[in-house]
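Asks: Pasting in a structure now, in structure tokens, and then I'll have a few things to ask.
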Amino acid sequence: MGKQDYKYMVCTRCMTYNHAPYIEDALRGFAMQETTFPVVYIIVDDASTDGEPDVIRQYLSENFQEPYRTEETDDYNLICAHHKTNENCIFVVFLLKYNHYSIKKPKMPYLSEWLDNSKYHALCEGDDYWIEPLKLQKQVQILEENERIGMVYSKSITYNQKKDKTGKIIGADYIDYVKLLYQNVIPTATVLYRPDLLNSYKSSIISNPRWKMGDYPFWLYIAHDSSIFYLDSVTAIYRKLPESASHSADYNREISFLDSVFEIQKYFLALYGEGDALEIERRYWRNCYVTAFKHGNKKEGNHYFSQLRAAGGVTVRDRIRLLSYHVKLF
């Protein structure tokens, strides 16, 4: 596709489920974007049961023109509308009639009409949101000026929903592929990337069913085969909920997530032959023992600490942390 063939400069995907208390923040973050080009935002509600579809409909009725297109199928209700005052903002809303995630039915085929007609793609889940009006404008400019850059990301601020408190800034300065292999420092809600890289990734990388995230391996692929640009700016809020893929009150779920990260790292280590296997192992044991003691699991915490010690990765900070865990537990 030539540049003139794209209908939209950016297509933003927002997958959401039972985010009724948070979805308006995401929608406002989209509508506030100040761009010199058209942007389409695809919001896909996966048959939420908490009233989120009504919240989305209400936001549309208050802030958008009459829909220029509606459609109903056995799978979804579709609503397409232009923002009342932001002429470059178009919402495409899919209200799914049944939960696709639970039956592993893909949603992406519904979106191809807009994804295929957009030069760049952005991501933002329904519980996160953007706070920088020029996020997309700045990121697009970077990609337009340098074709060797495959992706741009920036920083985000964590927000603990339960404590109603903002936390640390995440999104450390990206250095190289190996550093990213050791630790994922890229907040998903801040990313803008070239979609041809995603197509190449899907044809090159053999995804494992045990992988619990699709973004991290994609970042690693881009970092190795293309180039990633770090925009030193806070553009989004990452909302930490009591239950998510990476944070849970369930100890086994959190350990399972760490196992998944470890599997991804080992896969790319074997694939590209770059990085230190021992360093990856040390980080895995350290994360596991911290998680075990956080959940009050002293026996497994001691086991993971022993594994970390056997790998030669125990630091003074680790010993102090271990002592503090034992003091708290007893």
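The values are calculated or read from the model by the stated rules, or taken from the named source; none is laboratory data. What you are looking at is a predicted structure, and each value in this text was computed from that prediction instead of being measured. Cβ atoms come from the backbone with ideal geometry, glycine included; neighbour counts cover every protein chain shown. For the accessible areas, the whole protein counts, side chains as well, though only heavy atoms, and no ligand, DNA or RNA atoms are used. Shrake-Rupley method; radii C 1.70, N 1.55, O 1.52, S 1.80 Å.
Asks: Count, please, the residues in region 1-55 that happen to be of a type in the set (Val, Ile, Thr) and more than 22 Å from the chain's Cα centre (by Cα).
Replies: The qualifying residues number 4.
Per-residue answers, yes or no, for (1) closer than 30 Å to residue 23 by Cα; (2) open to solvent by 30 Å² or more (accessible area, probe 1.4 Å); (3) over 17 Å from the mean Cα position of the chain (by Cα); (4) of a type in the set (Ser, Thr, Tyr):
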position	(1), (2), (3), (4)
249	yes, yes, yes, no
256	yes, yes, yes, yes
262	no, yes, yes, no
268	no, no, yes, no
275	no, yes, yes, no
279	no, yes, yes, no
282	no, yes, yes, no
290	no, yes, yes, no
299	no, yes, yes, no
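Asks: OK, next. At pLDDT 90 or above, touching a helix residue (DSSP H, G or I) at 6+ places or on another chain (Cβ under 7 Å) and either under 22 Å from residue 159 (Cα atoms) or charged (D, E, K, R) (or both): is that true of residue 304 in this structure?
Replies: no
Asks: Of all strands (runs of 3 or more DSSP E) completely enclosed by region 34-88, which ones contain at least 2 residues that are surrounded by 13 or more Cβ atoms within 10 Å (Cβ to Cβ)?
Replies: Qualifying strands (runs of 3 or more DSSP E): 39-45, 76-82.
Asks: Output the residues belonging to region 14-31 that are touching an Asp or Glu at 6+ places or on another chain (Cβ under 9 Å), within 17 Å of residue 123 (Cβ to Cβ) and not small (Gly, Ala, Ser).
Replies: Residues satisfying the conditions are 14, 15, 16, 17, 19, 22, 23, 25.
Asks: Starting from region 1-15, keep only residues that are modelled with pLDDT of 50 or more and open to solvent by 80 Å² or more (accessible area, probe 1.4 Å), then list their pairs with residues that are among the hydroxyl-bearing types (Ser, Thr, Tyr) and assigned to a strand (DSSP E or B) whose Cβ atoms are within a distance under 8 Å, requiring at least 6 positions of separation or different chains.
Replies: What qualifies is 7/118.
Asks: Of 93, 40, which residue is at negative phi, touching a Cys at 6+ places or on another chain (Cβ under 8 Å) and in contact (Cβ under 8 Å) with a residue 60 or more places away in the chain?
Replies: None of the others qualify; the one that does is 40.
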